[in-house]
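See below for the structure under consideration.
What follows is calculated from the coordinates using simple rules that are stated; it is not laboratory data. As the structure is a computational prediction, the values presented were derived from the model and not from experiment. Because the Cβ atoms are built from the backbone with ideal geometry, glycine has one as well, and the counts that use them run over all protein chains shown.
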Amino acid sequence: MKNRPVYVIAPILALVGVGLFFYKWLIQEYPLLPKSPAEIWNIEVHVVFKGKGAPVKLEFLVPKEMRRYAIVDEAFISRSFGLSTHIKDNNRKAVWTTRKASGRQDIYYRESVRFIKRSDSAEGVREQSFSEKPALDEASAHAASALIDEIRSRSRIEFAVRHFTA
């Protein structure tokens, strides 16, 4: 008679666990086998700069959860910096601040994003491909080309960030 609550709670917890398993498998379409393909992207940012003993404020936009993508893991790594995140104008912004930064400063941001497959999604969404180039007018195409060249020149390269005062 003393173990009666255990006999009631254990099956309830087991059913909750099995229910979560089937939810992830059927609804969120997580793969069951280790070799199964899964569309997960790792986004990493490493900002390096030299502090001069002055206040620093570093802010940039970070990805947010959307209808077709879920944030699986996210890490903000910095030493002696305060961090705040907020959404403004439908964009998510991370802001690192410190009152005094001296010497080499390293700030890391890492995120894993998973594409959510929906079996019941509209065909138009499923047929959309991110590798297709959108139709742009001449001015927009030139601006996009310049932006892509700028991004490619900085990718995978550490770059100095001047200190920003509040």
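Return the lysines within reach of Lys2: Cα separation strictly under 25 angstrom, same-chain partners fewer than 8 residues apart disregarded; answer none if there are no such residues.
In chain and number order, there are no partners.
Taking loop as defined by DSSP and a crowding limit of 15 other beta carbons within 10 Å, which GluC sites (Glu not before Pro) in the range 45-115 fit?
Qualifying residues, ordered by number: Glu65.
Any of Lys35/Lys64; Lys50/Lys93; Lys57/Lys100 with alpha carbons more than 21 Å apart? Name them for me.
From Lys35/Lys64; Lys50/Lys93; Lys57/Lys100, over 21 Å: Lys35/Lys64; Lys50/Lys93.
I need the trypsin sites (Lys or Arg not before Pro) found in the range 1-95, filtered to DSSP loop residues with at most 10 other beta carbons within 10 Å of theirs.
Those satisfying the criteria are Lys2, Lys35, Arg67, Arg79.
Which FRET efficiency value, to the nearest 0.05, do you get for Ser36 and Ile148 by plugging their Cβ-Cβ distance into 1/(1 + (r/R0)^6) with R0 = 41 Å?
Calculated transfer efficiency: 0.80.
Tell me the net charge near His86. Cut-off is 13 Å between Cβ atoms, His86 excluded, with +1 for each Lys or Arg and -1 for each Asp or Glu.
+2
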